[in-house]
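In what follows, a single structure is set out as structure tokens and then discussed.
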Amino acid sequence: MTHAGRAGVHHPQRARRRRRQPVGDLLCVRRRRPPFEETAYLLLYGDLPKRDQLKTFTAAIKAAQKLPKAVQRIIKEAPRTAPPMDVLRTAVSAAVFVDPDRGDDSPAAESRKAIRLIAQFPTLVAAFHRLRSGQKPLAPRRGLNLAANLLYMISGTLPDPEAAKAVDVALILHADHELNASTFAARVIAATLADMHGAVTGAIAALAGPLHGGANTEVMKMLLEIGTPDRTEAWVRAALAQKKKIMGFGHRVYRTADPRAAHLRRMSEELGRKAGQPQWHAMQQIIEDVVRREKGLYCNVDFYSASMYYVLGIPLDLYTPIFAISRMSGWCAHVLEQHADNRLIRPRADYIGPMNRTWVPTGRRA
Ligand SMILES: CC(C)(COP(=O)(O)OP(=O)(O)OC[C@H]1O[C@@H](n2cnc3c(N)ncnc32)[C@H](O)[C@@H]1OP(=O)(O)O)[C@@H](O)C(=O)NCCC(=O)NCCS
């Protein structure tokens, strides 16, 4: 899964335990494509599950979906206007108080913690959303996979299968991505031998920023601000002329197309058309053309997921929490991997400030 040998963070041989799996394989258009749960299993255990393994894992996820009372109380007491990512970070941090495996960092205990975190996070996102909207949180429904349950627990109605499939695919696409900022944060924390809840709490904080997972919400805000396709090109050109960053473009690692964006582009177009809102995708294509021509930049995973979630009726500030629902599987897998063969991560920094400064009494400082 991971290889950051160049940065001295992680030795290559330590990463070989997990098999790489082309994301296209996980999304294969077989009639009964296994859901996101299969990808979560792959990340945690290093191999695709056999049928009975997937069944057991899925059952464990389902059994762990309900929120502990202590966590329910935290989200009930959170201000309704609080950004969901802040509430989620706080709730996940507090979940450790009541975790049955608290204090046990053995691989078996950490695997159980990972299952609980992956299972409870969607329930948490939906419960906070319903509470802030003055509605009663819903218990997860039997017979639905994690993606469909998320949509059900947010809206209170059984999701359209196509919508559930689109969210499921989005979850697969966002699950893990090497040492992105939030995963790196999780690994730095885990490498001090801090526990899994601490590591993923830090990761949630890192993901919330608009240069990372927060970009998807910013993309949709931009599209709403522009408003119509005919205003789009002029808006983007003006923004670039003012040296503004166009959200959903650029990547620290990819200097070419982000392969995840192709899947999301297709789903955003199809779902937008079906929802009678083709304008968002049309605007995005104009933005993509202009930014490509003017800056040589490609769109990233956050660009088309934004319009896809919008036409599915998902509130803007839940886009990043959905990213976190998916990435929780990657974070937990990285924590397991780090703890299995640990070394403290401690980069160096060169001091470049003034040298040879002397201490001056406070009253005589300039
Ligand atoms: C992702 C990101 C932080 C990567 O940053 P980076 O690799 O450090 O890129 P740099 O900041 O070095 O940018 C290189 C150049 O491209 C420009 N650039 C990078 N991303 C840009 C964007 N989204 N819109 C406009 N210009 C952008 C920079 O301004 C810089 O231009 P300059 O050389 O004229 O100063 C950056 O592309 C970004 O802020 N994107 C928008 C937020 C986003 O979508 N985040 C999700 C990432 S998956």
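A few notes on this one:
- Put simply, of ALA109, ALA127, ALA163 the only residue that is closer than 26 Å to LEU336 by Cβ and buried (at least 17 other Cβ atoms within 10 Å of the Cβ) is ALA109.
- Restricting segment 240-261 to residues that are more than 8 Å from the ligand (Cβ to nearest atom) and either within 13 Å of ILE286 (Cβ to Cβ) or free of Cβ contacts under 8 Å to residues at least 60 places away in the same chain (or both), the residue that is most open to solvent (accessible area, probe 1.4 Å): ARG255
- Within segment 262-278, the residues that satisfy the criterion of being surrounded by fewer than 17 Cβ atoms within 10 Å (Cβ to Cβ) and touching a residue at least 12 places away in the same chain (Cβ under 8 Å) are LYS274, ALA275, GLN277.
- Breaking point among (1) within 16 Å of the ligand (Cβ to nearest atom); (2) surrounded by 22 or more Cβ atoms within 10 Å (Cβ to Cβ); (3) outside any loop (DSSP other than H, G, I, E, B), for ALA186: (1)
- Breaking point among (1) in a loop (DSSP other than H, G, I, E, B); (2) farther than 24 Å from ALA63 by Cβ; (3) charged (D, E, K, R), for ARG141: (2)
- Selection of segment 279-301 for residues being open to solvent by 10 Å² or more (accessible area, probe 1.4 Å) and farther than 14 Å from ILE226 by Cα yields GLU288, ASP289, ARG292, ARG293, GLU294, LYS295, GLY296, LEU297, TYR298, ASN300.
- Residue identified as modelled with pLDDT under 95, at negative phi and of a type in the set (A, V, I, L, M, F, W, C) among ALA340, ALA366, ALA282, ALA275: ALA366
The values are calculated or read from the model by the stated rules, or taken from the named source; none is laboratory data. These numbers were taken from a predicted model, which means no experiment stands behind them. Reconstructed Cβ throughout: ideal geometry from the backbone, glycine too, with neighbour counts over all protein chains shown. Note: accessible area is taken over every heavy atom of the protein model, side chains too, but ligands, DNA and RNA are not part of it. Shrake-Rupley method; radii C 1.70, N 1.55, O 1.52, S 1.80 Å.
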